[in-house]
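The values are calculated or read from the model by the stated rules, or taken from the named source; none is laboratory data. Since we're looking at a predicted model, the values are computed, not measured. Neighbour counts are summed over all protein chains in view; Cβ atoms, including those assigned to glycine, are modelled from backbone coordinates with ideal geometry. Ligands, DNA and RNA are stripped out before the accessible areas are found, and what is left, the full protein with its side chains, is counted by its heavy atoms. Shrake-Rupley method; radii C 1.70, N 1.55, O 1.52, S 1.80 Å.
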Amino acid sequence: MNNNNAVDEAAIVRKITLRIIPFVFLLYIVSYLDRANIGYAALQMNKELALTSEAFGFISGIFFIGYFLFEVPSNVLLNKFGARVWIARILVTWGIIAACTAFAQTPNQLYVLRFFLGVAEAGFFPGIIVYLTYWFRAKELATTVALFTAAIPVSYIIGAPLSTWIMDNISWMNWSGWRWMLFLEGIPAVFLGIACFFFLTDKPEQAKWLKPEEKDWLLAELERDRKSRKNVKSLGVLKTMTNPKVLYLSFIYFVYQCGSLGVGYWMPQIIKSFSESLTHTQIGLIAMLPYIIATIAMIVWSRHSDKRNERKLHSAIPLLFSAAGLIGAGLVSNPVVAMAMICLALSGLYSFKSPFWALPTLFLDRATAAVSIAVINSIGNLGGFVGPSMIGMVKGNSQSAANGLLFLSGLLVIGFLMTILMRVTNKDDPDHAVGAAKQAH
């Protein structure tokens, strides 16, 4: 390939990246903000609605029951209706339900609304992953998926001070700050859903924003990329859902989600326990720190994984560090040391995510790997029910979240051992395994 072609190739990839990635990055920030802001609402909501620790844990976790039940069906419907229409539908419905959560008057109403929020949002993450495979070759997917998933810790960095500021400063019409926070943070998803319908392009052949020669080059490259993938399995939806390796990865992700979301939903209340004099805004500012550190750690670790072309150890080691961090956070009483341990735990949890999502591509073709991502994400996200609920039950019985953190650390050790012991590399084609590993973070 001559230099001009190389320059043209880089320019086309950059053009596609700038068109797609910033927008889906923004969508994912709003997604995580609307599912996780219930943790900040709890600072006022629990007292106002007389919610016990057990009830709040259940409210946090029931989102993932709805998510689990509708994740795979939603991904199938995305393939039927197209990413543009279906992702727009997901955004509009979850935005409406998230805003309606602000009107809840009883725990039962919150249970129902949080369940249907999970139903509405189901399919978004795997849908975007599938969408990215329509536009990027294997060698670009590593970077693009990493940029997309970086929205998770960024959503907490933005959401922590924003949510708590709204709670402390907005109480129009004698409405509580937590209600305004849930309402105001839910509305953007509706408008972004409408924008999604007009902005996203389903597939390259429909892209009016690409020149004809750019479109032809991209389609030829994607076809060449598809044909280069050999010695990997292609499975139907049912066989993918029952594939032993997919189920094995699902349990590892379940363990991961127990720790990640258990800490995420309860962190505002953990920080509040350090000092009763902290305002909600101060709690939000303190909560930013672990996510800033976790974002940096995730990017550095993902690049190291790319450089070494290694995924299994890069998935396993962060779980061990996370377990150590949760043990430390559960045992120490000094607030500074406890926050340092939480920083370590979250850094490990987010560093795990990028190399882990490469593992299905080591033994499944791209189309099947996309379904497996939906299955793994669906089953794994049940950990988002178990983690917060477990901490809620333990805290309700002992008036301390420490034992809950110790329980989660034990699960992460199990996840570490399972990751170390798994065998997913495609032995028939080692060169392919290395190349395929670069597909996703």
Exercise for the section: Please work out which residue is least open to solvent (accessible area, probe 1.4 Å), limiting yourself to the range 43-74 and to residues that are over 18 Å from GLY262 (Cα atoms) and among the polar types (S, T, N, Q). Expected result: SER74
Completion exercise
The lone condition VAL375 fails out of (1) farther than 26 Å from THR295 by Cβ; (2) open to solvent by less than 10 Å² (accessible area, probe 1.4 Å); (3) modelled with pLDDT under 80 is (3)
Fill in the blank from the handout: Only unsatisfied item for ALA220, checking (1) more than 27 Å from SER351 (Cα to Cα); (2) not in a helix (DSSP H, G or I), is (2)
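Within the group ALA138, ALA195, ALA160, ALA220, which residue is in contact with a helix residue (DSSP H, G or I) (Cβ under 9 Å, 6 or more places away or on another chain), open to solvent by 10 Å² or more (accessible area, probe 1.4 Å) and modelled with pLDDT under 95?
Working: ALA195 fails: modelled with pLDDT under 95; ALA160 fails: open to solvent by 10 Å² or more (accessible area, probe 1.4 Å); ALA220 fails: in contact with a helix residue (DSSP H, G or I) (Cβ under 9 Å, 6 or more places away or on another chain).
Of ALA138, ALA195, ALA160, ALA220, the one residue that is in contact with a helix residue (DSSP H, G or I) (Cβ under 9 Å, 6 or more places away or on another chain), open to solvent by 10 Å² or more (accessible area, probe 1.4 Å) and modelled with pLDDT under 95 is ALA138.
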Practice task
Could you list, in sequence order, all residues of the range 93-129 that are open to solvent by 40 Å² or more (accessible area, probe 1.4 Å) and of a type in the set (Lys, Arg)?
Solution key: none
Practice task
Could you tell me whether ILE90 is modelled with pLDDT of 95 or more and open to solvent by less than 40 Å² (accessible area, probe 1.4 Å)?
Solution key: yes
Practice task
Assess whether GLU213 counts as being part of a helix (DSSP H, G or I), within 21 Å of LEU132 (Cβ to Cβ) and among the acidic types (Asp, Glu).
Solution key: no
Practice task
Please name all residue pairs, on different chains or six or more residues apart, with Cβ atoms under 7 Å, provided the first residue is in the range 266-294 and is under 20 Å from LEU51 (Cα atoms) and the second residue is crowded, with 17+ Cβ neighbours inside 10 Å and aromatic (Phe, Trp, Tyr).
Solution key: PRO268/TYR40
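I'd like to check something: does the range 42-58 contain any residue that is in a loop (DSSP other than H, G, I, E, B) and closer than 24 Å to ALA150 by Cα?
Scanning the range 42-58, I find no residue that is in a loop (DSSP other than H, G, I, E, B) and closer than 24 Å to ALA150 by Cα, so the answer is no.
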Practice task
Can you tell me which residue among LEU51, LEU77 is touching a Pro at 6+ places or on another chain (Cβ under 8 Å) and touching a residue at least 24 places away in the same chain (Cβ under 8 Å)?
Solution key: LEU51
Problem - Hits in the range 325-339 (condition: open to solvent by 50 Å² or more (accessible area, probe 1.4 Å) and of a type in the set (Gly, Ala, Ser)) - result: SER333
Problem - Count of the range 285-328 residues which are within 18 Å of THR144 (Cβ to Cβ) and of a type in the set (Asp, Glu) - result: 1
Practice task
From LEU77, LEU69, grab the single residue that is more than 16 Å from the chain's Cα centre (by Cα), assigned to a helix (DSSP H, G or I), among the hydrophobic types (A, V, I, L, M, F, W, C) and farther than 22 Å from PHE199 by Cβ.
Solution key: LEU69
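Residue by residue, here is whether (1) open to solvent by less than 20 Å² (accessible area, probe 1.4 Å); (2) of a type in the set (D, E, K, R); (3) under 28 Å from GLU221 (Cα atoms) holds:
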position	(1), (2), (3)
ASP8	no, yes, yes
ARG14	no, yes, yes
ILE20	yes, no, yes
VAL24	yes, no, yes
ARG35	yes, yes, no
TYR40	yes, no, no
VAL76	no, no, yes
ASN79	no, no, yes
Problem - Near pairs, Cβ below 9 angstrom, 6+ apart or cross-chain, from the range 224-239 (on the phi < 0 side of the Ramachandran plot and modelled with pLDDT of 75 or more) to any residue that is among the hydroxyl-bearing types (Ser, Thr, Tyr) and part of a helix (DSSP H, G or I) - result: LYS239/THR368
Problem - the range 110-135 - residue that is of a type outside the set (A, V, I, L, M) and more than 18 Å from VAL92 (Cα to Cα) and, of those, modelled with the highest pLDDT - result: TYR111
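Counting residues that are acidic (Asp, Glu), which helices (runs of 4 or more DSSP H) fully inside the range 97-172 reach at least 1? Break it down into steps so the answer makes sense when it comes.
Details: elements: 107-121, 124-133, 138-149, 151-169.
Passing ranges, in order: 107-121, 138-149, 151-169.
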